[in-house]
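Everything below concerns the one structure shown next.
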């Protein structure tokens, strides 16, 4: 920006009081100007007291701005700038992490058919584990039935320790297998979600490549 006439007049006055005004573009002859709290321009060959803590301009002897220095930030402005910088940093981290995940996805799958093949394989393994747990429960229940039948003979007298232990152990094992089934059923939901998301992202990345 060009200095206002008043600024230029002040510069010439200051330059005259210091001797001869330097030629345009020559070294030296710099002036520092700012608007004081009342809006009036204040200039000096050193930074005027009124410019401390305010934005000011450094001008050449011809009145043209060499550079402009903004006012120091307030505490609120510094906090806002720090928050904005942190947000940009976090965005960059998330963007880089997404790029890494995208590359892993592209390295893992070559087609939608492969995604579905791997989905089926993973789900088959989980369903097989559920089937094994269900089969194990049937076996444990058959063993438990024997202990229950034997326990009927001891309704009016102390039950042998091995029968008590057998009943307790089989009950624990049945509950453990039921817990495994519950966990595996949740795994099915998790896998379906994962492969659905992988499929969607894979399609998005393929469309971007085409564009």
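Please identify which residues in the range 105-145 have an amide N closer than 13 Å to a label point set 7 Å out from the Cα of residue 185, following the Cα→Cβ vector.
Zone members listed by number: 130-131, 134.
Per DSSP helix of 4 or more residues, -39500 (n - 2.57); summed, then divided by the residues of the chain. What does that give at 222 nm, rounded to the nearest 500?
Helix-only estimate at 222 nm: -23500 deg cm²/dmol.
Which distance in Å, rounded to a whole number, links the C-alpha centroids of the range 166-211 and the range 97-112?
20 Å
Using alpha-carbon positions, what is the distance between the centroids of the range 113-150 and the range 33-47, in Å?
Taking the Cα centre of the range 33-47 as reference, the centre of the range 113-150 is 85 Å away.
Test of understanding: in a Gaussian network model of the chain with alpha carbons linked when under 10 Å, which of 128, 49, 192 would top the mean-square fluctuation ranking?
49
Return the equivalent ellipsoid semi-axes of the range 109-210 as a descending list in whole Å, where each equals the square root of 5 times an eigenvalue of the C-alpha gyration tensor.
50, 10, 6
Using a simple spin-label model with points 7 Å from Cα along the Cα→Cβ vector, what separation in nm is obtained for residue 117 and residue 169?
4.6 nm
Once you have the Cα-Cα distance between residue 127 and residue 162, take 0.36 nm times their residue separation minus that, and quote the gain in nm to one decimal.
Additional length available on full extension: 9.1 nm.
So what is the relative contact order for the range 109-210, in percent, with contacts set as C-alpha pairs under 8 Å and at least six apart?
So the answer I get is 45 percent.
May I ask for the equivalent-ellipsoid semi-axes of the chain, computed as the square root of five times each C-alpha gyration tensor eigenvalue and listed largest first in whole Å?
Values for the chain, descending: 87, 27, 10 Å.
Quick one: Cα convex hull volume of the range 28-85, Å³ per residue?
Once divided by residue count, the hull of the range 28-85 is 100 Å³.
Could you identify which residue out of 191, 59, 112 has the top mean-square fluctuation in a GNM of the chain using Cα springs shorter than 10 Å?
59
Expressed in nm to one decimal, what extension gain is obtained for the pair residue 108 and residue 194 from 0.36 nm per residue of sequence separation less their Cα-Cα distance?
Full extension of this stretch gives 29.6 nm more.
Anyone know which of 194, 145, 101 comes out most mobile in the 10 Å Cα GNM of the chain?
Checking each option, the largest mean-square fluctuation is seen for 145.
Just need the relative contact order of the chain here, percent rounded to a whole number, with Cα pairs under 8 Å and 6+ apart.
After rounding, I find 15 percent.
For a quick size check, give me the Cα extents of the range 58-103 along its three principal axes, largest first, whole Å.
Extents along the principal axes, in whole Å: 58, 27, 6.
Bear in mind these aren't lab numbers, they're just calculated from the coordinates by the rules spelled out. It should be emphasised that the depicted structure is a prediction, and the values quoted were computed from it without experimental measurement. Using ideal geometry, Cβ is built from the backbone for each residue, glycine included, and neighbour counts are taken over all protein chains shown.
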